[in-house]
Each structure stands twice: as C-alpha cells, then as structure tokens.
C-alpha cells in the first residue's frame with residue numbers, strides 16, 4: 001500500500017492525465033463507428049459533466065443488447081467492461097491501461113459494430129409497472145413460513161424475499177408485496193436477455209407458504 005501511494009504521489013498526475021487522453025480517444029473513435037452511439041456531455045442535465053475516465057456507449061443501433069455485447073467482448077475478445085445494461089456498455093479507464101489494451105478494445109467494438117447483433121427485446125426496457133400491493137408488512141413476510149416456486153408461477157403469490165434486476169439493483173418486489181403478472185413477464189424477459197436477477201436461485205423465487213395469494217394481475 002505504501003509503495004502504491006508513493007507511486008501515485010510521484011506519478012499520479014501523469015498517469016491520470018494519460019488515462020483521460022485514452023478516454024477521449026475511445027469516445028472519439030467509437031463515435032465515428034456506424035452502429036455505435038456514445039453518450040455525450042450535451043445529453044446530460046445542466047450542471048453535470050462527463051467523467052473523462054468513463055465511457056458509456058451503445059451498440060443497440062447495430063442490434064446488440066448491452067448484455068450480449070458485454071458477453072462477446074469478454075469471452076471472444078478478452079475485454080472486461082465495468083458493466084452493461086439492456087442497451088448500454090460502461091467502461092472505466094484505468095491509469096494502468098496500456099496502449100495495446102486500448103487498441104484491442106477499439107478493434108473489438110469495431111468488429112461488433114460491423115456485424116449484426118441478435119436484436120433488442122423491448123421488454124427489457126425499464127419495467128412498465130408500478131410497485132405491487134403490499135399484502136403483508138415486510139417483517140411479517142420475512143418471518144413467515146416460505147417456499148420456493150418457479151419464477152413463471154409466482155404471479156399472484158406474496159413475496160417472502162426481495163428480487164432485484166442487476167444492473168441497476170433496484171428491487172422489482174420486496175417481502176410482503178404481491179407479485180404481479182407484469183412483474184414476472186418483465187423479469188423473465190430480463191433474465192432471458194442475459195440480465196442478472198438477485199434473489200432468484202436458478203429459476204426459483206421465495207414466496208409465503210400456505211397458499212397465501214393476493215389475486216393475479
């Protein structure tokens with residue numbers, strides 16, 4: 001730790017300045033690729049600016065969902081991104097980044113942009129539903145006897161645990177909440193697109209046992 005601190009004290013400004021140059025190079029070259037949309041400062045609310053070491057881009061115009069693009073970048077091109085969502089890929093540029101890694105990233109993105117992705121599933125855009133009815137207080141739902149049911153059979157059941165779509169990690173439902181058909185449909189589409197559902201083991205989700213149901217919707 002001390003040696004790292006010393007290294008950053010002596011060379012940090014130079015390292016981070018170089019990383020910022022890499023970030024701008026990536027942003028500029030990706031912007032010139034057909035089939036790639038790069039987030040720009042003009043799209044941000046007033047008072048906000050771009051972090052020079054973060055690049056957010058989308059291959060959706062080329063038919064690539066963010067999850068699928070992330071998987072191909074990682075498995076085929078050995079490029080590890082920060083994370084992805086249904087449409088976007090997020091990069092963080094490290095001060096330790098090397099020129100060859102930047103070239104490899106741009107080459108991989110160019111290959112994806114020039115190919116045709118599997119297509120987008122509009123069901124994986126932000127959930128089109130509001131929160132469900134709170135059928136039990138969360139404390140009671142967590143303490144109740146529970147069981148696990150297949151996700152596709154959970155509509156109408158009362159949740160015994162939380163389930164969140166990651167990213168961004170915001171719960172789709174919480175303990176005690178009635179799980180609706182719209183929630184289940186969206187969660188299944190999100191999972192099929194490559195998204196991660198926290199709180200689901202395999203395809204099983206915890207619900208209150210004993211037939212507690214709140215009516216399907």
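Each label was represented as a point 7 Å from its Cα along the Cα-to-Cβ direction; for residue 32 and residue 17 these points are 2.5 nm apart.
Take the alpha carbon atoms of the chain, find their radius of gyration, then divide it by 2.2 N^0.38 Å using N residues; give the quotient. Intermediate results must be reported in sequence, preceding the final value.
Numbers: Rg = 21.6 Å, N = 217, 2.2 N^0.38 = 17.0 Å.
This ratio for the chain stands at 1.27.
If the segment from residue 106 to residue 77 were pulled out straight at 0.36 nm per residue, it would be longer than the present Cα-Cα gap by 9.4 nm.
Figure the gain on full extension for residue 98 and residue 40 (residue separation times 0.36 nm, minus the Cα-Cα span) and round it to one decimal in nm.
On the way: separation 58, 0.36 × 58 = 20.88 nm, distance 2.42 nm.
Working it through step by step, the gained length comes to 18.5 nm.
Axis angle, to the nearest 10 degrees, between helix 99-114 and the longest C-alpha principal axis of the chain: 60 degrees. Against the chain, whose longest principal axis is taken from its Cα atoms, helix 2-31 shows a tilt of about 80°.
Pairwise inverse Cα distances across the range 2-120, averaged and inverted, put the Kirkwood hydrodynamic radius at 15.0 Å. Taking one quarter of the surface of the C-alpha convex hull of the range 124-208 gives a mean projected area of 4.8 nm².
To the nearest ten degrees, helix 66-75 and the longest principal axis of the Cα atoms of the chain are 60 degrees apart. Between residue 196 and residue 48, the simple label model (points 7 Å from Cα in the Cβ direction) yields a spacing of 2.3 nm.
Quick note: the coordinates plus some simple rules give every number you see, no bench work behind them. Worth saying up front: this structure is predicted, and the values here are computed from it rather than measured. Here Cβ is always computed from backbone atoms with ideal geometry, including for glycine, and neighbour counts include all displayed protein chains.
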